[in-house]
Amino acid sequence: MKELFERLYKGTKAEFYEHTKKVLGESGKMIIVTANPEAFMLADKDSKYKNILYKDITCVVPDGIGLVKAAQSLNYPVNERITGVDLCVFLLECADNQGKSIFLYGAKPEIAEAFKENIEKNYPNAKIAGAYHGYNQNEEKLKEEIAATKPDIVLVALGMPRQEFFINECVDLVEKGIFVGVGGSFDVLSGAKKRAPSIFIKLNLEWLYRIAKEPKRLKRFYDNNVKFIFKYKK
Ligand code: UDP
């Protein structure tokens, strides 16, 4: 698993945003994986998932604090978290400023709708190329739509690894686009779920807040984060 850390973005959040903005401005193509220990555990077990992390056009950024701390303990110069939620907001701002188009896929129907309305209201220059909730969609049709509309930004909120697999099937159909798997970000940005208070984020305890709010996350946390602690140095 140690080799996966080589793939982690080593710059600051500001540098990564600058890079992303440049790729967007140049109509380039990029996959962003907002990784946490779960992503590395998945990649360790599943070569199909791992191959996505190793693609030339993929940037793997450290979303989870567990990954930042593990990387630092292995002496990798990983600076700070670059989260899916913050990245969504940044990309929406870019889309608004540059008049770029966005394709949204994922989350529950009412949340996807609320998120779309929120974008229309707060980012009026961003063009919505398509917006679909994440339940029982015909993904072949969605891929065709992405190929036809050629969005500048594709945000996929299905949870990992499904979001990365979907993205991987889309990228070869288009010449350009920033494709990001953003987990539960639509839930937060639609206003349906609250993000942890800033003191939790500052103290690197956002994970604790999420477990306290949704205790069913505990098993997932144990399987991915606790086991990760014993595994990542191997
Ligand atoms: N989701 C979806 N379709 C599914 C299963 C999940 O759209 O079949 C959505 C779910 O509604 C949520 C997101 O995927 O918005 C996953 O969120 P989660 O909080 O599990 O992701 P995390 O941020 O923990 O990676």
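Each value in this text was obtained by applying a stated rule to the coordinates, not by laboratory testing. Everything numeric in this text was worked out from a predicted model, so none of it was measured. Cβ placement follows ideal geometry from the backbone for every residue including glycine, while neighbour counts extend to all protein chains displayed.
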Item checked: Label-point separation in nm, LYS234 to LYS176, each point 7 Å along Cα→Cβ -> 4.5 nm
Checklist line | Cα-based equivalent ellipsoid of segment 18-114: semi-axis lengths in Å, sorted from largest, via gyration tensor | finding: 25, 17, 15
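Between ASN118 and THR149, how high is the FRET efficiency from 1/(1 + (r/R0)^6) when r is the Cβ-Cβ distance and R₀ = 25 Å? Nearest 0.05.
0.75
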Checklist line | Gain in span if fully extended, ARG162 to LYS194, counting 0.36 nm per residue against the direct Cα distance | finding: 9.2 nm
Next item on the list: Specify the inter-centroid distance of segment 97-161 and segment 182-234, based on alpha-carbon positions, in whole Å.
Entry: 24 Å
Margin query: So if I place +1 on the C-beta of Lys and Arg and -1 on the C-beta of Asp and Glu, and nothing else carries charge, what would the dipole magnitude of the chain be about its Cα centre? I want it in debye, nearest 20.
Written below: 980 debye
Next item on the list: May I ask which of LYS2/LYS100; LYS69/LYS194; LYS108/LYS219; LYS116/LYS193; LYS176/LYS227; LYS55/LYS193 have a Cα-Cα span longer than 27 Å here?
Entry: LYS2/LYS100; LYS176/LYS227; LYS55/LYS193
Margin query: Assuming 0.36 nm per residue, please report the length gained on full extension of the stretch GLU139 to ARG220 beyond their Cα-Cα distance.
Written below: 26.5 nm
Next item on the list: Report the charge-dipole magnitude of segment 29-162 in Debye, nearest 20, computed about the Cα centre from +1 at each Lys and Arg Cβ and -1 at each Asp and Glu Cβ.
Entry: 280 debye
Checklist line | segment 94-209 - percent relative contact order, Cα under 8 Å, separation 6 or more | finding: 27 percent
Check: In nm, to one decimal, how far is the LYS55 label point from the ALA14 one, both placed 7 Å along Cα→Cβ?
Finding: 3.1 nm
Next item on the list: Count the DSSP beta bridges whose two residues both fall in segment 22-132, then state the antiparallel fraction as a percent rounded to the nearest 5.
Entry: 0 percent
Next item on the list: Show the residues, 5+ positions off or on another chain, whose built amide H is closer than 5 Å to the amide H of VAL154.
Entry: PHE103, ILE178, PHE179, VAL180
Notebook entry, point to check: What is the magnitude of the charge dipole of segment 130-234 about its Cα centre, with +1 placed on the Cβ of each Lys and Arg, -1 on the Cβ of each Asp and Glu, and no other charges, expressed in debye to the nearest 20?
Noted result: 960 debye
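Fewest to most neighbouring Cβ within 10 Å: what's the order for THR58, THR149, THR83, THR12?
THR12, THR149, THR58, THR83
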Check: Tell me, what is the Rg over Rh of the chain, with Rh the Kirkwood radius over Cα pairs?
Finding: 0.94
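Based only on other Cβ atoms within 10 Å, what is the fewest-to-most ordering of LEU189, LEU155, LEU74?
LEU74, LEU189, LEU155
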Check: Got a sec? How would ASP63, ASP44, ASP152, ASP223 order by Cβ neighbour count within 10 Å, fewest to most?
Finding: ASP223, ASP44, ASP152, ASP63
Notebook entry, point to check: Given ALA71, THR34, ALA147, which one lies farthest toward the positive end of the charge dipole of segment 25-154, if we put +1 on the Cβ of every Lys and Arg and -1 on the Cβ of every Asp and Glu?
Noted result: ALA71
Margin query: Let me check against my output: what whole-number percent is the relative contact order of the chain, with C-alpha pairs under 8 Å and at least 6 apart?
Written below: 24 percent
Next item on the list: For a label point 7 Å from the Cα of LEU203 along Cα→C-beta, name the residues of segment 36-73 whose backbone N is under 19 Å from it.
Entry: 65-66, 69
